[in-house]
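Please treat every number below as a calculation from the coordinates, not as lab data. Computed from a predicted structure; not experimentally measured. When we count neighbours, we look across all protein chains shown, and the Cβ atoms used for this are built from the backbone with ideal geometry, even at glycine.
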Amino acid sequence: MEMTNNQFFLTSVEKFVRWAQKSSIWPLTFGLACCAIEMMNLVSPRYDMAQFGAEVFRSTPRQADLMIVSGRLSNKMVPVIEQVYRQMPEPKWVIAMGACASSGGIFDNYAIVQGVDEVLPVDIYVPGCPPSPDAVLYAVLKLREAIASGQAHGGVMRA
Amino acid sequence: MRQVVRSGDYDLDLEELVIEGEGDRMTLSVGPHHPSTHGVLRMVLEIEGERIVKATPEVGFLHTGIEKTAENLTWQQAITVIDRMDYLAPLSNNLGYVLAVEKLLGLEVPPRARILRLLFTELQRMASHLLWLGTTALDIGSQSVLMYAFDLREGILDLFEEASGARMNPSYFRVGGIAQDIPEGFEDMCRRFLDRVPERIREIRNILDENPIWLDRLKGVGVISAEDAIAWGVTGPNLRACGVPYDVRKAFPYAGYDEFEFDVPVGENGDCYDRYVVRMEEIMESYRLCRQALARLPRGPVMVNDRKIALPPKHEVRQSMEALIHHFKLVSYGFDVPAGEVYQALESPRGEIGFYVVSNGKNKPWRVRVRGPAFYNVFAMPVMMQGALLADMVAIIATVDPVFGEVDR
């Protein structure tokens, strides 16, 4: 964006849209396991994700554009998470929060999907078991950068 | 039967809003992704109008295979997966498991470790009840209580972080004691936190206790009789809300609870409101226990002085060949536990959590079976929901306080 002397902005539509998208990310209330508790802490007084415009946790996928997969994903949950992801409108982003969502974590067994990226396209991985809310805040900031620079396509297929 | 829903205020024919079903009955599936289910519970409800006729919980969406995974880890390593079972009370899980293994080994932990364990599990109970309070209040519609409760809970997480390095899932206890002694200044930090508790709890109760919305949503809702609760295996605050003073800490004292003074708060009616009151009073009882534990915390070691169980001190490892060998053996192979089976129950924030541990004399558990209290509490929900309104389902699920890591394991 550049400012002229006549007090108006010149920008491209795409940049403007990306600016709007990154400034109000609405996460989905989708808690799976331990990490969900730390995800809830994001709206608590100490961490306060509202300062980045991302505090509006939506319960319905149709109003959300960020899915924070918080916790271990069991095989039984896979169809559910796929359906919820499909119900989210585009553009949509996915953060794999914690070791289990990123790679299966310490649960290398018959029940747990070894990383949520086996079923969903993941934009940001957050390490930790569970990651502290600061780490998730950092991930949200990184996601904002990626959206602004056009790196994170948000599930939209590009030609 | 065709049922046409008409709006009273507008003279519109809402022919589109037709509900079809057998008779007046309709089946409604709630969850597993639903804001009120506190995790991944699916409730299949049969409703007549707004009344719930039958509720069937479906669980297993978070099945992690924790019991099976524990069989492939050494006795000390298994603590880490057991942590992640009931993730609101990881230290209670830890304590149950290490007590069971210590029973098999015939170990007596040093007094400082015993009292520190008690202090940390009681802090954990406060943290768990505070989180329950915040989320329940949010479900009922009060967002400010969530903020108050989370603010106070942060203080406890800070204490955990200070002592163990992790906010949640600390894996702080070990077979034979605790991982490391509390850092310098921890006791003062703990006292400073405890100073805040009574005032803040009073504040929260001032907001909620006589709030007409809170009372309307909780009083007389989700009632379960003491007989039903016992028959369904309900334990913990949910059972005590029915007036049954059963608390494992009193009935089968463990970890030195018999030396401490505390009361077991009970309710009368077994409704959602009593479950709330019991939990709030339990926070204050935990507060009392923490104060007592801090006051009588002795000096001394926090691990048993048994080189076959406890890691040798670091300075010895650098100087002594035997200590180095012990260190290597314990870290790589672990230790053998005599063959046998043992059941250890304890009072977690959700009720009686039991660990049935079987050893075949090797360095790994042969079987770790967990009796998760939340599992039994979830399956008593249909009794509470019988005849309740659909909107009450939210209050009932919230006040039963299920944690699905533990239900599904």
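Values as computed for the structure displayed
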read-out	value
nm² value of the averaged projected area, convex hull over the Cα atoms of segment B:284-409	12.2 nm²
Value of Rg to Rh for segment B:187-248 (Rh from inverse mean 1/r over Cα pairs, i.e. Kirkwood)	1.14
5 angstrom amide H check on B:S348, placed H, neighbours 5+ away	B:I353
Taking only Cα atoms of the protein assembly as shown, radius of gyration then Dmax in Å	25.3, 92
Backbone HN-Hα couplings from phi across segment A:127-137 [Karplus 6.51/-1.76/1.60, Hz, Gly and Pro as x]	x, x, 9, x, x, 6, x, 4, 5, 6, 4
Tilt relative to chain B, helix B:143-164 - C-alpha long axis, 0 to 90 degrees, to 10	10 degrees
DSSP loop chymotrypsin sites (Phe, Trp or Tyr not before Pro) with at most 12 other Cβ within 10 Å: longest gap in chain A	A:9-109
Among beta bridges that DSSP assigns inside segment A:25-149, antiparallel share in %, nearest 5	10 percent
Per-residue HN-Hα couplings for segment B:233-247 [Karplus 6.51, -1.76, 1.60; θ = phi - 60°; Hz; x = Gly/Pro]	x, 6, 9, x, x, 5, 6, 5, 5, 7, x, 8, x, 9, 9
Eligible aspartates and glutamates near B:K364 by straight Cα distance, threshold 15 Å, same-chain separation 8 or greater	B:E67, B:E71, B:E102, B:D336, B:E341
Per-q log10 I(q)/I(0), chain B, q = 0.07, 0.09, 0.10 Å⁻¹ (Debye; single scatterer per alpha-carbon; no solvent)	-0.37, -0.58, -0.70
Normalised convex hull volume, segment A:25-149, alpha-carbon set, Å³ per residue	88 Å³
Spatial separation of Cα centroids for segment B:169-222 and segment B:313-347, in angstrom	34 Å
Per-residue ³J(HN,Hα) for segment A:67-83, Karplus 6.51 cos²θ - 1.76 cosθ + 1.60, θ = phi - 60°, Hz, x for Gly and Pro	9, 9, 6, 9, x, 6, 10, 8, 4, 5, 8, 4, x, 5, 5, 5, 5
For segment B:215-267, convex hull volume per residue from C-alpha positions, Å³	87 Å³
With at most 13 neighbouring Cβ atoms within 10 Å, loop GluC sites (Glu not before Pro) (DSSP) excluded, longest segment of chain B	B:269-409
Cross-link reach list, lysines versus B:K362, counting only Cα pairs under 21 Å and skipping chain neighbours closer than eight places	B:K68, B:K103, B:K308, B:K329
Residue among A:P89, B:F61, B:N169 farthest towards the positive dipole end of the protein assembly as shown, charges placed on Cβ	B:N169
Neighbour-limited loop hits for chymotrypsin sites (Phe, Trp or Tyr not before Pro), segment B:277-374 (at most 16 other Cβ within 10 Å; DSSP other than H, G, I, E, B)	B:Y333, B:W366
Amide H partners (placed H, <5 Å) of A:S59, local residues excluded	A:T29
Order of A:K142, B:K308 - criterion: other Cβ atoms within 10 Å of each residue's Cβ, fewest first	B:K308, A:K142
Magnitude of the charge dipole, segment A:25-149, Cβ model with Lys/Arg +1 and Asp/Glu -1, debye to 20	240 debye
Whichever lysines have a C-alpha closer than 29 Å to that of A:K142, once near sequence neighbours (fewer than 8 apart) are set aside	A:K15, A:K22, A:K92
Euclidean distance of C-alpha centroids, segment B:77-127 and segment B:249-301, integer Å	16 Å
Amide H contacts of A:I68 (H built 1.01 Å from N, under 5 Å, at least 5 apart or other chain)	A:L28, A:F30, A:I95
Efficiency of FRET between B:N360 and B:E322 - r from beta-carbon atoms, R0 22 angstrom, step 0.05	0.20
